[in-house]
1. Scan segment 87-116 and report the pairs whose first residue is in contact (Cβ under 8 Å) with a residue 60 or more places away in the chain and whose second residue is assigned to a strand (DSSP E or B), with Cβ atoms within less than 7 Å and a gap of 6+ or a chain change.
2. Out of all the residues in segment 103-132, which are at pLDDT below 90, of a type in the set (A, V, I, L, M) and open to solvent by less than 60 Å² (accessible area, probe 1.4 Å)?
3. Looking at the structure I just gave you, is Leu85 more than 31 Å from the chain's Cα centre (by Cα), within 25 Å of Ala30 (Cβ to Cβ) and surrounded by 12 or more Cβ atoms within 10 Å (Cβ to Cβ)?
4. Looking at the structure I just gave you, is Ser29 over 30 Å from Ser170 (Cβ atoms), open to solvent by less than 30 Å² (accessible area, probe 1.4 Å) and over 28 Å from the mean Cα position of the chain (by Cα)?
5. How about segment 167-182: which of its residues are modelled with pLDDT under 90, more than 19 Å from Arg195 (Cα to Cα) and either open to solvent by 50 Å² or more (accessible area, probe 1.4 Å) or in contact with a Leu (Cβ under 9 Å, 6 or more places away or on another chain) (or both)?
6. Any idea which of (1) aliphatic (A, V, I, L, M); (2) within 21 Å of Tyr117 (Cβ to Cβ); (3) surrounded by fewer than 13 Cβ atoms within 10 Å (Cβ to Cβ) is the one Met7 doesn't satisfy?
Amino acid sequence: METADFMPDETVIAGIRKNIEAYEAGRASAYRQVRWRVPVFLGLLLVFVVLVAWLFNKVADLNEQWFSTPHVFLYVVGFFAALLLYFLAMRPATRLQQSFRDTLLPIIFGFIRDVRYKHSVTPNSFDRLPRAVVGAFNRQSFDDIVSGRYEEFPFELYEAELRQGSGKGSSTVFKGVIVAFETIAPFPGTLVATRRSNAVVGFFRGIFAGKMQELSSGDPLLDGDYEFRTDNVAAAQPLVTGRLAQALKWLNETWRDDPARVALNGSDGFLLLPQPKNFFELPAISVPLDYTSHIAPMIADMGAILATAALVRKIGATDGDVQPS
């Protein structure tokens, strides 16, 4: 499928450009606000911290000037206050950009039927995601969520970051885009294909996967990149050596970030595409928004991801199940 198949017609593009013009008017105003709000907010906080620290010096030991226990506590509190004030100072920009996404995303994805957009809520399909495809995590956050119908199948696409641990010892187990969809033929159990990890991570993933067994595709290159695990070996083996292997080879050629992951769980299919940046991210508030540079690539990427999901959902289907499009 070509990129042009996903692009809106000239009438829709004209409407998008009008929205961009309105955004640009608000962007200029928001940029002017944050340019003075950030230095003023943080500057006032710095003056306050320095003044209080100077007052602490009046009662602190001479050997602990500026570095007594109350001083250290003040600096820690000041650091977190600075983060809070920075986000408050940036609110005109973040509020404008979020409002623009709320308006624009349902418009630009015209090739999606019944398109809906949500933000920072738990996706409906997330609880059905097999944990073996991501491993253990104790913190989760979601950004933009788009759902609708593509090629007659419903889907839910969302940005997710899953982390394990707390504080400085925490680590990211997954950050990127997850696409959830209904498979053409249900898989009788759970089957996951994940990036092959080091021995330590693989050990804990194996514990987390419970009774799931590891399979081989028979392709040394593919088995070097992926771990295949399932609780139904008989049903999974033909897929791991057949359509799933073919789909993953194609994904490795088209997805240049970390290897994509796939999970089948009954009638639910999941495509996980790791990437470090936000998929629906707009340029910084200081950068003018341009349709060709910023919006058109977003449309093309969304179309490519959904076309990939359409391929993955056919993995467990027989030739008779797959209807010509």
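1. Pairs that qualify, where the first residue is in contact (Cβ under 8 Å) with a residue 60 or more places away in the chain and the partner is assigned to a strand (DSSP E or B), are Arg101/Asp144; Leu105/Tyr117; Leu105/Val146; Phe109/Val115; Phe109/Val146; Ile112/Gly148; Ile112/Arg149; Ile112/Tyr150.
2. Leu104, Leu105, Ile108, Ile112, Val115, Ala132
3. Details: more than 31 Å from the chain's Cα centre (by Cα): no; within 25 Å of Ala30 (Cβ to Cβ): yes; surrounded by 12 or more Cβ atoms within 10 Å (Cβ to Cβ): yes.
Spelling it out, it is not the case that Leu85 is more than 31 Å from the chain's Cα centre (by Cα), within 25 Å of Ala30 (Cβ to Cβ) and surrounded by 12 or more Cβ atoms within 10 Å (Cβ to Cβ).
4. Here the answer is no, as Ser29 does not meet what is asked.
5. Gly167, Lys168, Gly169, listed by residue number.
6. Of everything listed in (1) aliphatic (A, V, I, L, M); (2) within 21 Å of Tyr117 (Cβ to Cβ); (3) surrounded by fewer than 13 Cβ atoms within 10 Å (Cβ to Cβ), Met7 misses just condition (3).
Every residue, every condition in (1) within 30 Å of Glu24 (Cα to Cα); (2) modelled with pLDDT under 85; (3) over 26 Å from the mean Cα position of the chain (by Cα), yes or no:
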site: Ser217; (1), (2), (3): no, no, yes
site: Asn232; (1), (2), (3): no, no, yes
site: Leu239; (1), (2), (3): no, no, yes
site: Trp250; (1), (2), (3): no, yes, no
site: Asp257; (1), (2), (3): no, yes, no
site: Ala260; (1), (2), (3): no, no, no
site: Gly269; (1), (2), (3): no, no, no
site: Lys277; (1), (2), (3): yes, yes, no
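To keep it simple, each residue is scored yes or no on (1) farther than 28 Å from Tyr158 by Cα; (2) modelled with pLDDT under 90.
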| residue | (1), (2) |
| --- | --- |
| Ala25 | yes, yes |
| Val49 | yes, no |
| Phe56 | yes, yes |
| Gln65 | yes, yes |
| Gln98 | no, yes |
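The values are calculated or read from the model by the stated rules, or taken from the named source; none is laboratory data. Since the model is a prediction, treat every value here as computed from it, not as a measurement. Cβ sites come from the backbone with ideal geometry, for glycine too, and all protein chains shown count toward neighbours. Side chains included, ligands, DNA and RNA excluded: accessible areas come from the protein's heavy atoms. Shrake-Rupley method; radii C 1.70, N 1.55, O 1.52, S 1.80 Å.
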